[in-house]
Amino acid sequence: MAAAEASTDRIRHYLGAWSAVSVLQFFAAEAATIAAWHGPAPYSRRLNFISDLGQVGCGLHGTRVVCSPLHAFMNVSFVLQGVGMVIAALLITSAVLRVAAQDRGVRAQARLSRALAARAAGTGRTAGLPRTTPAPAAGVSLAAAIRSGHPAVAVPWAATLAVRILLGLAGAGVAVVGLVPQDSIEALHLAAAGAYFLGGSAALVVLGLLWIGRSAAAWPVLLCGGASFVATVVGGAVRLHVPEPGTLERFMGYPITAGIALVGAVIAYRLGVPARQARALRRVRA
């Protein structure tokens, strides 16, 4: 039974991790849509906004003449990017997220949660009961550990819960960007884009801080989140009224996509470590 549950959990986390990696499809979709651009002037990553690629109608938008024949392709990419982020937020648990999927760290957190749950309930060895006393269920032990206020559980759990909420909010935002192009309901489009930029960058900053000392990817993740957050604050303050608005917007958005994909890749790789170690051990014994 325990083996089946572990296998199910591993599959769940793999799906979440690869959903995060899947956001990289955005870069391929953007390049293809730019190549099909039919405006009177070539599309410029320096001067044009990313949302110009998803605009349905050809014509003047602000001061820009926009014509993107592959707008549907770009908008589907936005939606898929958002769905990938939401799936990752739902499937990657706080226990795996806060220790960068380190197998030993996940098991240590589980042992601590069970110990705190047993102490809170007055059961198990802490109450003089035999070793065969069933351990509290994972959900029960985690809830009891959080209620205990133990900083090794409560603080990281709250931080990773915030990461998951922010990641889900950002994913929902970019999905709405694809469903509501800029030439339809512009106010909703802009609000959704803001949710993506702010939620995605903040999630990466918090996760990068949590991963320091746990993964070499901590600093790249933190750098991606920090760069995007600063660019978003600057972009919001000046309302993207700068000589190269496309460049600024890409400083806001590109690091989020790259950072989330990196997070997914780290988790997917770490999840496979125990299986790779077991295969290597079997080869040595053979």
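Take R119 and decide whether it is assigned to a helix (DSSP H, G or I), modelled with pLDDT under 75 and in contact with a Ser or Thr (Cβ under 9 Å, 6 or more places away or on another chain).
Working: assigned to a helix (DSSP H, G or I): yes; modelled with pLDDT under 75: yes; in contact with a Ser or Thr (Cβ under 9 Å, 6 or more places away or on another chain): yes.
Spelling it out, R119 is indeed assigned to a helix (DSSP H, G or I), modelled with pLDDT under 75 and in contact with a Ser or Thr (Cβ under 9 Å, 6 or more places away or on another chain).
Could you please find all residues in segment 216-248 being in contact with a helix residue (DSSP H, G or I) (Cβ under 6 Å, 6 or more places away or on another chain) and of a type in the set (S, T, N, Q)?
Matches in segment 216-248: S228, T232.
For segment 190-206, give me each residue that is surrounded by fewer than 22 Cβ atoms within 10 Å (Cβ to Cβ) and more than 14 Å from the chain's Cα centre (by Cα).
L190, A191, G194
Restricted to segment 173-192, and to residues that are touching a Gly at 6+ places or on another chain (Cβ under 6 Å), modelled with pLDDT of 95 or more and not β-branched (V, I, T), which residue is farthest from H71 (Cα to Cα)?
Within segment 173-192, the subset touching a Gly at 6+ places or on another chain (Cβ under 6 Å) is 174-175, 181, 183, 192.
With the extra rule that they be modelled with pLDDT of 95 or more, the set shrinks to 174-175, 181, 192.
Those left that are additionally not β-branched (V, I, T): 175, 181, 192.
Numbers: A175: 14, P181: 9, A192: 18 Å.
Within segment 173-192, the match that is farthest from H71 (Cα to Cα) is A192.
Within 22 Å of V21 (Cα to Cα), modelled with pLDDT of 95 or more, out of contact with any Gly (no Cβ under 7 Å at 6 or more places or on another chain) and surrounded by fewer than 19 Cβ atoms within 10 Å (Cβ to Cβ): does that describe F251? Give the steps one after another, and end with the answer.
Details: within 22 Å of V21 (Cα to Cα): yes; modelled with pLDDT of 95 or more: yes; out of contact with any Gly (no Cβ under 7 Å at 6 or more places or on another chain): yes; surrounded by fewer than 19 Cβ atoms within 10 Å (Cβ to Cβ): yes.
Spelling it out, F251 is indeed within 22 Å of V21 (Cα to Cα), modelled with pLDDT of 95 or more, out of contact with any Gly (no Cβ under 7 Å at 6 or more places or on another chain) and surrounded by fewer than 19 Cβ atoms within 10 Å (Cβ to Cβ).
Could you please let me know if G82 is farther than 18 Å from S184 by Cα and in contact (Cβ under 8 Å) with a residue 24 or more places away in the chain? Spell out the reasoning first.
Numbers: farther than 18 Å from S184 by Cα: yes; in contact (Cβ under 8 Å) with a residue 24 or more places away in the chain: yes.
Yes.
I267 versus (1) closer than 28 Å to D52 by Cα; (2) out of contact with any Cys (no Cβ under 8 Å at 6 or more places or on another chain): which is the lone unmet condition?
(1)
Check whether at least one residue in segment 21-30 is surrounded by fewer than 19 Cβ atoms within 10 Å (Cβ to Cβ), more than 30 Å from T93 (Cα to Cα), in contact (Cβ under 8 Å) with a residue 24 or more places away in the chain and not acidic (D, E), and report yes or no.
There is no residue in segment 21-30 that is surrounded by fewer than 19 Cβ atoms within 10 Å (Cβ to Cβ), more than 30 Å from T93 (Cα to Cα), in contact (Cβ under 8 Å) with a residue 24 or more places away in the chain and not acidic (D, E).
When you go through (1) surrounded by 20 or more Cβ atoms within 10 Å (Cβ to Cβ); (2) touching a Leu at 6+ places or on another chain (Cβ under 7 Å) one by one for L209, which number turns out not to apply?
(1)
Do you know which of the residues in segment 217-226 that are at pLDDT 95 or above and surrounded by fewer than 20 Cβ atoms within 10 Å (Cβ to Cβ) is farthest from F197 (Cα to Cα)? Show your work before the answer.
From segment 217-226, those at pLDDT 95 or above are 219-226; that's our starting set.
Filter once more, keeping what is surrounded by fewer than 20 Cβ atoms within 10 Å (Cβ to Cβ): 219-220, 223, 226.
Values: W219: 19, P220: 17, L223: 15, G226: 11 Å.
Of everything passing the filter in segment 217-226, W219 is farthest from F197 (Cα to Cα).
The values are calculated or read from the model by the stated rules, or taken from the named source; none is laboratory data. Please read these numbers as outputs of a predicted model, since none were measured by experiment. Note that we place each Cβ from the backbone using ideal geometry, even for glycine, and neighbour counts take in every protein chain shown.
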